[in-house]
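Shown next, in structure tokens, is the structure this report addresses.
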Amino acid sequence: MSLNATRGACARRPTPKAGARSVATLAFAAQGVSVAAVYTTVPAVTEHLKLAPLLTTAMMVAVALTAGAGSFLGLAAIRRAGSVATMRGAMLTAAAALVLIGSAPDEATVICAYILFGLAAGALDVGVSTRAAAIERAYGRSVFGFYYMAWSVGGVVAALLTAGAARLDWPVAAGLSAQAGIVLLLALCMRSHALPSSAPGPSDTLTQPPLGRRLWIRLIPFGLVLLVVYVVESTVSAWSAVYLRQTLAASLTVAPLAYAAYQAGTVVGRAATDRLVHKCGAAAVVRAAAPVVACALAGMAAAPSWPFAVLAAGAAGLGASVLAPLSLASAARLRPAASEAVLARLNFFNYVGVVIGGAVSGLLGSTGQFRLAYAAPAALALLLLAAARHFTQPPPRGTQPMAARRARSGHGSAPS
């Protein structure tokens, strides 16, 4: 009886892969909450501190630029302390930045708070992507869609919380503090779990093979997709609330709903991403998503009122949902042994897209041309069709790239 009970307890105990997957899910959700908290409160922060439109645009661009720097800080932290510790530290920093944004008494303080958030967001971004790539290798199947679904769920929760806080006439500090509390809670729930294939030590990858200049060339198709995706993402995320407020005369309660609809669309798309990749292939999924994004952005540009813009934002999220996770997953498979360094390089395209989308949309919006800010990315989205053929499938579990097999086959064939 005692032996059977012991076996039953062992069977119910979470496997290392399951524990690692839970930790990554919490981190992706926290990232979604924190990013949504920042973007959906831009109109409220702007009105509270009476910021000039150009200063608001500059702050959003500063967030993107510092996030790019934060991704390389995160890469260094991963190599010293591991991805889980890096993610936890970045989440705690992001929570502190949210509180500081809400309580900032003047322009200088809020600018510093946004810069701090950008650094934390960049470090968290490379941390979650690295961890997801390692888990995908352990499972031997696509998992990035699931994680980005958690990101989107977090974004929906935070956007609805922003709308609810405005409805209840809460000060912006109260709403951001509540969102920071969610991020803090998720950070405290995280526990370290080593994957079965992970070697012991602080870093997920102890030996870092040289990447070489050719890797940049191989990253270009995925980088271009990410660039376009994050032009779309930043245009919708950073400015949809302002667009609804200024151009479509929506209230502060309604303004965050376009962001919520966008993230709800990504939840639906990302819930099906991994199954679609398994059934149809990554390239086919990308080819189907590109025209959906283009048509949805055109719909946002032509929206006669805020309900139409909210519906179009949801459709844009549905189409864009698959592009970032599949780009990151395919890029990470270029060099599985150094995925964190590859993804840090790929993040360059990510933040260029955020800067371009955020800056151009903000400048157009400050001159009353927000509709053009949504029409231009619609044309860019069709360019994604040219890059679709470069997207790859995850190798089946138990298989290894040829280079890895050669490295391990010193005395005969490598074990599968």
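Pairing residues of the stretch 229-255 that are in contact (Cβ under 8 Å) with a residue 40 or more places away in the chain with residues that are of a type in the set (K, R) and in a helix (DSSP H, G or I), at Cβ distances under 6 Å and at least 6 apart in sequence or on separate chains, gives T253/R167; A255/R245. Among the residues that make up the stretch 267-274, is at least one of them over 19 Å from A36 (Cβ atoms), in a helix (DSSP H, G or I) and without any contact (Cβ under 8 Å) to a residue 60 or more places away in the chain? Looking through the stretch 267-274, none of the residues is over 19 Å from A36 (Cβ atoms), in a helix (DSSP H, G or I) and without any contact (Cβ under 8 Å) to a residue 60 or more places away in the chain. The lone criterion from (1) at pLDDT 70 or above; (2) within 25 Å of the chain's Cα centre (by Cα); (3) of a type in the set (S, T, N, Q) left unmet by S203 is number (1). Within the stretch 78-95, being at pLDDT 90 or above and crowded, with 19+ Cβ neighbours inside 10 Å holds for T86, M87, R88, A90, M91, T93, A94, A95. When the residues of the stretch 275-312 are filtered to those that are in contact (Cβ under 8 Å) with a residue 40 or more places away in the chain and more than 23 Å from the chain's Cα centre (by Cα), the one that is nearest to F222 (Cα to Cα) is A298. Candidates W170, W151, W216: the one that is at pLDDT 75 or above, of a type in the set (F, W, Y) and surrounded by fewer than 20 Cβ atoms within 10 Å (Cβ to Cβ) is W170.
Yes or no, residue by residue, for (1) of a type in the set (F, W, Y); (2) within 21 Å of the chain's Cα centre (by Cα):
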residue	(1), (2)
F222	yes, yes
L227	no, yes
V231	no, yes
T235	no, yes
A241	no, yes
T247	no, no
P256	no, yes
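The number of residues in the stretch 111-134 that are of a type in the set (V, I, T) and surrounded by fewer than 23 Cβ atoms within 10 Å (Cβ to Cβ) comes to 2.
Scanning the stretch 277-288 for residues that are within 15 Å of A324 (Cβ to Cβ) and in contact with a Gly (Cβ under 9 Å, 6 or more places away or on another chain) gives a single hit, V277. Please determine whether any residue of the stretch 48-57 is at pLDDT 85 or above, loosely packed, with under 15 Cβ neighbours inside 10 Å and not in a helix (DSSP H, G or I). Looking for residues that are at pLDDT 85 or above, loosely packed, with under 15 Cβ neighbours inside 10 Å and not in a helix (DSSP H, G or I), one finds at least one in the stretch 48-57, hence yes. Looking only at the stretch 377-392, count every residue that is surrounded by fewer than 19 Cβ atoms within 10 Å (Cβ to Cβ), assigned to a helix (DSSP H, G or I) and among the aliphatic types (A, V, I, L, M) and tell me the total. Final tally of qualifying residues: 3.
Selection of the stretch 237-255 for residues being touching a Gly at 6+ places or on another chain (Cβ under 9 Å) and modelled with pLDDT of 85 or more yields Y243, T247, T253.
Being closer than 16 Å to A97 by Cα and over 16 Å from the mean Cα position of the chain (by Cα) holds for only one residue in A62, A52, A44, and it is A62. For the stretch 165-183, the set of residues classified as in a helix (DSSP H, G or I) and without any contact (Cβ under 8 Å) to a residue 24 or more places away in the chain consists of A165, A178, listed by residue number.
Scoring S251 on the criteria (1) of a type in the set (G, A, S); (2) assigned to a loop (DSSP other than H, G, I, E, B); (3) surrounded by 19 or more Cβ atoms within 10 Å (Cβ to Cβ) leaves a single failure, condition (3). F117 meets each of the listed conditions (1) farther than 24 Å from A359 by Cβ; (2) within 15 Å of the chain's Cα centre (by Cα) apart from (1).
Listed here are the residues, each with its yes/no results for (1) more than 21 Å from the chain's Cα centre (by Cα); (2) modelled with pLDDT under 95; (3) among the charged types (D, E, K, R).
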residue: A97; (1), (2), (3): no, no, no
residue: A108; (1), (2), (3): yes, yes, no
residue: A113; (1), (2), (3): no, no, no
residue: G127; (1), (2), (3): no, yes, no
residue: R141; (1), (2), (3): no, yes, yes
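The values are calculated or read from the model by the stated rules, or taken from the named source; none is laboratory data. This structure is a prediction, so every number in the text was calculated from the model and none was measured. Glycine gets a Cβ as well: all are built from the backbone with ideal geometry, and neighbour counts include every protein chain shown.
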